[in-house]
Amino acid sequence: MSQLLRLLAVCSMTLPAGHAASSVSSELQFWSAHTVRNNDQVIKRFSIESRLKQKLSRRWQVQGTLALEHAHDDVGLGTVDTYDRQAKPLVSGGDTRLELRQLVLRYRKGKTSFSLGRQTFAWGVIDGYRVTDRLDPVRRRDFVFTEQKPERIPRWSARLRTTLEGYRVDLALIADSTVSQLPKQDSALLPTASRFTGGLPFSPAFEPSIELQTGRQSLTGAIKVSRRLRSGMDAAVLAFRGPDTEPVLAHRSGRVLLTFPKRTLLGGYLQQSLGDQVVRAEVAYLPDQRVNTGGGLGQERVRRWIAGVGADRWLAGKWFVLGQMTYDRIFSTNNRAVRPKEDVLATLRLQRRFLNDRGELKFESVNDLRKGDGYFASSLKWSFRQNIDLLAGGEWIYGADSGIFGQFEQQSRVWLKARIRI
Amino acid sequence: MKRCISVAAVLCCLSVVNTTAHSEESSPQTLADLIANRTANEARTGRMQFLLTNKRGQERRRTARMFHTDRNDATRVAIYFTAPANLEETAFLSVDAKHDDSDESWLYLPATERVRRLPSSDRGDYFMGTDLTYGDIKDNFKFSPSDWEFENCDQRLMRLPHLPCLQGVAKSNEIIRETGYSRFVAAIDTDTAFPIGIDYFDGQGQPLKQVTVSEQKQIGGAWTAIAFELKNHQSGHTTRIHFEEMRQLNDLSDDVFAADALEYGIPEI
C-alpha cells in the first residue's frame, strides 16, 4: 500500500504544468556553512524541492511536495530511523535522500474542509518555542539553527475542519508513528548535554536504538476549538493524546532505547490586537509527561506546564519586532529529573525589509535565562533576480556545555545560501 | 462690421458663461463630493498583475487574486498571490473598521504553515514591496473629508491642465504621519468621477508619488480603475497594476474574509 502511494505521489509530480488548474514549482537551494572557530565546512547541502498543486474539480484538489537532498558535510541529513515504516524516504542512501514531504487530498465546501494524506498541524500562536504546537514531529538535524522554526515533518493523517455555531472545530486523527528526526551519530550537531542523554555522560559510542510505537498505540487523536470573541480576541482550546514526538531514554535487555510513550496535552491560547501591536498568550498542560531521572536511565511520570507570552509590533523606521518569553516547568515528586525543573527562554527578533522588499535584514536573540546560554543569529536576504535569492548569515552560540544551546558553542558559524526558483 | 462685432460679443458672452459654469462645476468641494459619491461595488474580485520596476530598470512580476468588499462596518481586502513561485499561496487579509480602531491584518505564509495575525500597518506603509500603500488600497481612489482640506489647485502643479483639478491638504500632522502624504493634486475625469492623475507630496512638501490611471471600466455599474501606475519620485521605483477578469460579486459572504480561510487558498466563488 505504501509503495503504491509513493508511486502515485511521484507520478503526480510529473503531471504537465500546462494543465489549467495545476501549478508546479521547484526550488533549488545550495547551503554552505563554516564554523567560526576553526573554519571547518560543516554544511555543504544541495536540495531540490518540487511542489505540485492540482485541482481535480471545483471542490477537490491534491497537493504534494517531493524533495531531493544531498549533503556531504559534518552535519548530514539526519537519521531516518525516526520515521514510521509507511513514511520513510523513497530513497535514502549515504549522503542523498529523496523524500515525499507532503501529499494531501483535500475537499472543501463552504466552511468545511477535509484532508487526507501526509500533512502538518501548525497549532498555537507562539513563535519558535512549541507550547501547544506539539502535534508535529520536527527535524532536529540542524537543531534549531534553521530559517523556519520548527521544520515540521508531515504525517499520514485525516483532518476535518468546520464551523459550528460560530465555533471553528479542527479534528485530526494521525496514523503515523514518525517522531522528531535526530541528527546522525557522527553529526556536528548531535546533542551532548546530559538532559538529552538521559543523564548518562556523552560518549561517541553512545548509540541508542529507536523504538517507535506500533499498531493502535501509534495513533494520535486531536481536537481544537477556536472562536473569535466579541472583543476581537481569538481564543482556542485544544487537546490531543498520542505518542510523544520527543524521546525518553530507557534501558532494556542491555540496550539503550529511545522510546516515545503516549502523553496527553491540554492547552489553549489567546491572541488580540492592541493598537499597533498584537499580543499572544498560550498555555499547555501535560499531566503524564515522561522524563528521565538520574541513575540508570530511570523514568518518572510528571506533570508539566508550558506557558508563553509574546507581542509583536512595528517600530519607527519600519522595523518589525517580536518579543517573547516561554516558561516550561515540570513537577517531579522525587526531584531527580535529568532536565532542569524550569526552562525560561526569552526571544527577541528584529527584522526589516528594504528597497521594495528586495532585501531583508533579520536579527534574533534566544536566551535561556536560567542557564545563561543562548544564541544570536543574523541574516541578510537579497532578491538578486525575480527568481534568485542570495542569503548570508551566521549564528553565534554561547554558554556552558550543559546548556540547551551552549552544548553547540563550538558550532558558531557563518553561512551562505543561494536559492533559485523555477 | 456690426455683424462681426455682434458675433464676437455673443462668443464672448458664451465664453464667460462657459467659464462660470466650469468654475462652479470645478469648485474644490463639488469635485470632492463628486468623487466621494462615486458609486462603488459593494464586493468585487479580479486578477491583479503587478509589474515592479526599480530605478535600474530591473523588473519583477507578481500575480494575485483580489477580493474586496466595502460595507458599512469595514473595508475588507483579501489578496492571494499565485506567482511568482516564492510568493505562491501567500495570502494577505486586511479588515479596516470604519467606526472604531479594531483594524486587523493577517498573513498566511506557506513556509510557516500558519496564518499569523499582524500588527496593523500604518496607512502610509507600502504593501508587499509595491508602491501602493495600505491607505491607497483602503481609500480606493477616494479622498476622505476627515483627512483632507480641499482647495483650489496650484496651477503650477497641474499635470493634466485640460481636466478639472482638486487639491487636498492634510488636516493635521497626525494625518501626514499616518498616510505619509501632506498634500495631493488630482486631475479629475468628471464623466467617471475618477481622479486619473494624482501627485502626492511627502511631509516636507517634496514630490513623493505620481499615480496615473490609464484605463477605467464600468464593473456592475461602478467605474473602476483597471490599469494604473504608481511612480515613486524619491526611490525611482514604479508599480504598474492591471486588473483582469474583474467582476462584481453579489452577496459575497464575509466567510471569504475569515482569517482561517487564507490557508485554504483562493475561495471558490
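Principal axes first, then extents: for the Cα atoms of region A:270-422, list largest minus smallest coordinate on each axis, whole Å, largest first.
Dimensions of region A:270-422 along the principal axes of its Cα atoms: 58, 41, 32 Å.
Taking R0 as 22 Å, what FRET efficiency do you get between residue B:42 and residue A:318 from their Cβ-Cβ distance, rounded to the nearest 0.05?
According to the calculation, E is roughly 0.10.
Chains B and A: how much accessible area gets covered up at their contact, both sides added, probe 1.4 Å, in Å² to the nearest hundred?
In total, chains B and A hide about 3700 Å² from solvent.
How much of the accessible area of the protein assembly as shown, in percent, comes from carbon and sulfur atoms when a 1.4 Å probe is used?
55 percent
Summing +1 for each Lys or Arg and -1 for each Asp or Glu, what net charge is found among the other residues whose Cβ lies under 10 Å from the Cβ of residue A:117?
+4
At a threshold of 8 angstrom on Cα-Cα distance, excluding pairs fewer than six apart, so keeping six or more, what relative contact order does region B:27-264 reach in percent?
22 percent
Could you report the accessible area of residue A:285 in Å², rounded to 10, computed with a 1.4 Å probe on the protein chains as they sit in the structure?
50 Å²
Go ahead and estimate [θ] at 222 nm for chain B from helices alone: -39,500 (n - 2.57) per DSSP H run with n ≥ 4, summed, over the residue count, rounded to 500.
So the calculated ellipticity at 222 nm is -5000 deg cm²/dmol.
Report, in deg cm²/dmol and to the nearest 500, the calculated mean residue ellipticity at 222 nm for chain A, where each DSSP H run with n ≥ 4 adds -39500 (n - 2.57) and the sum is divided by the residue count.
Values: 1 runs with 12 residues, N = 422.
The helix contribution divided over chain A gives -1000 deg cm²/dmol.
Grab the beta carbon distance between residue A:334 and residue A:402, set R0 = 30 Å, and tell me the FRET efficiency rounded to 0.05.
0.90
I'd like the per residue volume of the convex hull spanned by the Cα atoms of the protein assembly as shown, given in cubic angstrom.
Per residue, the Cα convex hull of the protein assembly as shown comes to 176 Å³.
Report, in whole Å, the centroid distance computed from the Cα atoms of region B:177-199 and region A:336-354.
Rounded to whole Å, the Cα centres lie 48 Å apart.
Between the chain alone and the structure with every protein chain in place, find the residues of region A:314-359 that drop at least 30 Å² of accessible area; heavy atoms, 1.4 Å probe.
A:314, A:318, A:356, A:357, A:358
Local charge sum around residue A:350 (other residues, Cβ-Cβ under 10 Å, Lys/Arg +1, Asp/Glu -1)?
Net charge around residue A:350: +2.
Which value does Rg/Rh take for chain B over its C-alpha atoms, Rh per Kirkwood?
That ratio is 1.04, to two decimals.
Keeping all protein chains in place, calculate the accessible area per residue for the protein assembly as shown (probe 1.4 angstrom), answer in Å². Mind dumping the intermediate values first?
Numbers: 31360 Å² over 691 residues.
On a per-residue basis, 45 Å².
In nm, give the distance between the simple-model label positions of residue A:418 and residue A:255, each being 7 Å from the Cα along the Cα-to-Cβ direction.
Label at residue A:418, label at residue A:255, 4.5 nm between them.
Let's see if you can work this out: charge +1 on each Lys and Arg Cβ, -1 on each Asp and Glu Cβ, no other charges. What is the dipole magnitude of region A:2-421 about its Cα centre, in debye to the nearest 20?
With Lys and Arg at +1 and Asp and Glu at -1, about 1700 debye.
Net charge near residue B:197, counting Lys/Arg +1 and Asp/Glu -1 over other residues with Cβ under 14 Å of its Cβ?
Once all neighbours under 14 Å are counted, the net charge is -1.
Over 26 Å between Cα atoms, which of A:318/B:138; A:53/A:184; A:111/A:362 qualify?
A:53/A:184; A:111/A:362
The values are calculated or read from the model by the stated rules, or taken from the named source; none is laboratory data. Keep in mind the model is a prediction, meaning the values are calculated, not measured. Note that each Cβ is placed from the backbone with ideal geometry, even for glycine, and that neighbours are counted across all protein chains shown. Protein only, heavy atoms only, side chains kept; ligands, DNA and RNA dropped before computing areas. Shrake-Rupley method; radii C 1.70, N 1.55, O 1.52, S 1.80 Å.
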